[in-house]
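The values are calculated or read from the model by the stated rules, or taken from the named source; none is laboratory data. Just so we're clear, the structure is a prediction, and the values are computed from it rather than from any experiment. Please note: Cβ atoms are built from the backbone with ideal geometry, for glycine as well, and neighbour counts cover all protein chains shown.
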Amino acid sequence: MFLKRRISIGQLLEKEVKGCFEYFWNEADNSHRGAGYGLIHDRCPTHRGIASIAAVGFGLAALCIGAERGYRAYREIENRVSGTLDTLLNSAENCNGFFYHFLDMKTGKRAWNCEVSIIDTAIAICGAISAGEYFGGEIKEKAEAIYRRVDWKWYVDASCNQFYMGYKPEGGFWGHWDEYAEQLMLYFLGSASPTHPTDPGMFYAYPRTEGYYGEIGPVIHSTSGSLFVYQFSHAFFDLRNKQDSLGVDWWQNSVNATLANRQYCIDNSDIFRTYGENAWGLTACDGPGGYSGIYGAPPRKTEKLFGNIHYGNDGTVPPCGPAGSMVFDPEHAQEVLIYMYENHPRLWGKYGFKDALNTSVSPVWYARDYVGIDKGISMLMIENYRSGFIWNVFMKNSFVRKGMELCQVTEKSGLLMV
């Protein structure tokens, strides 16, 4: 039976983007340009006064979208952006230019004994660069000052030519970015640094493990197979119609991972009743047992490590999964968002979609919180799908283009982008 939709996809995408903007506007410190001015809550309502530096990066890009779409007065948003960059330059605690993962909202100081995070710093820089290109002038100068300050070489393990995974003053560096994940942005930003450039060969210095889900693939994948690893760098860097020197099309890689994620959920809807053609998009998010970074779908390493194709999954599905893959598989991603909106009203609130749902458990579970990075990837990818706005703005930056060129990520010859 055909059921008439209560909302069009265009209306829903606008509602979600506007809700995401309100998150980044309202959940930022606005206390008269104090030490934490502009820092954005990691999550809400259970924020505990803690900001996520990655949420700040997504938020800076989100403010550009809000200015372009007239969600607030242009000058008001411009002032917020400028003040936020002042905070990142002057009071947000950092180490050799790299920010701590979590910061106290009021003081800008390290929170929770957390790590100095290279990937979250990179997201913050991408957001700052977006703002610099959009607003220009002093904002661009501030954004590039934040970028120039980062000592990318300090975070490199020269013995293997890979970035370390993390650093804490108490114990030093640990781990490596030694497989594919969301880190493509690190190589582009590091290579093009005007002050502390890294070897562009790092882009090729980690193993690229390929796999298939059924006939879908190949997918160069990570341990968990969470969709965010195929989304975050693509939210800023426009990798459409491009390939690297080994012939890898990273855009198509994300398309394949998205299609595999969807098919896995369809195939396993008898095990996890949340899953199905209208509920896929497994990625890091809140779940019934708390936040999990290993929700994901094959191909992934966990199946080989633990002998379980469903390792770490419990039936939780977040809206940010399909929303963040909107550019890779728009038709199917839109179907999920419409389904969630029309069939799960408890998943919707003042900032649009809440973080996740799980109907595979009893009682049915709905997230209470909105999570900053999940609202961020949703907003940026929906807007890139609608207008290409963040891509168009971000890719104007000369360092961004130089980084991709140095890593030999170039246009495919003889093809036209449509």
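Close Cβ contacts (under 7 Å, 6 or more residues apart or on different chains) running from residues in segment 38-56 that are on the phi > 0 side of the Ramachandran plot to residues that are in a helix (DSSP H, G or I) comprise G38/R80; G38/G83; G38/T84; G38/T87.
Select from segment 297-329 the residues that are among the small types (G, A, S) and out of contact with any helix residue (DSSP H, G or I) (no Cβ under 6 Å at 6 or more places or on another chain) and list them in ascending order.
G307, G312, G315
Residue by residue through segment 73-91, note down the ones that are hydrophobic (A, V, I, L, M, F, W, C) and within 21 Å of I123 (Cβ to Cβ).
First, pick out the residues of segment 73-91 that are hydrophobic (A, V, I, L, M, F, W, C): 73, 77, 81, 85, 88-89.
If the condition is that a residue be hydrophobic (A, V, I, L, M, F, W, C) and within 21 Å of I123 (Cβ to Cβ), then I77, V81, L85, L88, L89 are the ones that fit.
Does segment 46-72 hold any residues that are closer than 19 Å to M379 by Cα and assigned to a loop (DSSP other than H, G, I, E, B), and which are they? Within segment 46-72, G70, Y71, R72 meet the criteria. Selection of segment 174-188 for residues being surrounded by fewer than 21 Cβ atoms within 10 Å (Cβ to Cβ) and of a type in the set (A, V, I, L, M, F, W, C) yields only W174. Checked against (1) out of contact with any strand residue (DSSP E or B) (no Cβ under 8 Å at 6 or more places or on another chain); (2) under 23 Å from A61 (Cβ atoms), N161 passes all but a single condition, namely (2).
So that you can scan it fast, the table gives a plain yes or no per residue for (1) part of a loop (DSSP other than H, G, I, E, B); (2) touching a helix residue (DSSP H, G or I) at 6+ places or on another chain (Cβ under 6 Å):
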position: E331; (1), (2): no, no
position: Q334; (1), (2): no, yes
position: Y341; (1), (2): no, yes
position: S362; (1), (2): yes, no
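Contact map, segment 364-379: first residue in a strand (DSSP E or B) and buried (at least 24 other Cβ atoms within 10 Å of the Cβ), second residue among the aromatic types (F, W, Y) and at pLDDT 95 or above, Cβ cut-off under 7 Å, separation 6 or more or different chains; pairs are Y370/Y23; Y370/Y351. Given the condition touching a residue at least 12 places away in the same chain (Cβ under 8 Å), crowded, with 24+ Cβ neighbours inside 10 Å, in contact with an Asp or Glu (Cβ under 6 Å, 6 or more places away or on another chain) and outside any helix (DSSP H, G or I), answer yes or no: does some residue in segment 91-104 qualify? Yes; the residues of segment 91-104 include at least one that is touching a residue at least 12 places away in the same chain (Cβ under 8 Å), crowded, with 24+ Cβ neighbours inside 10 Å, in contact with an Asp or Glu (Cβ under 6 Å, 6 or more places away or on another chain) and outside any helix (DSSP H, G or I).
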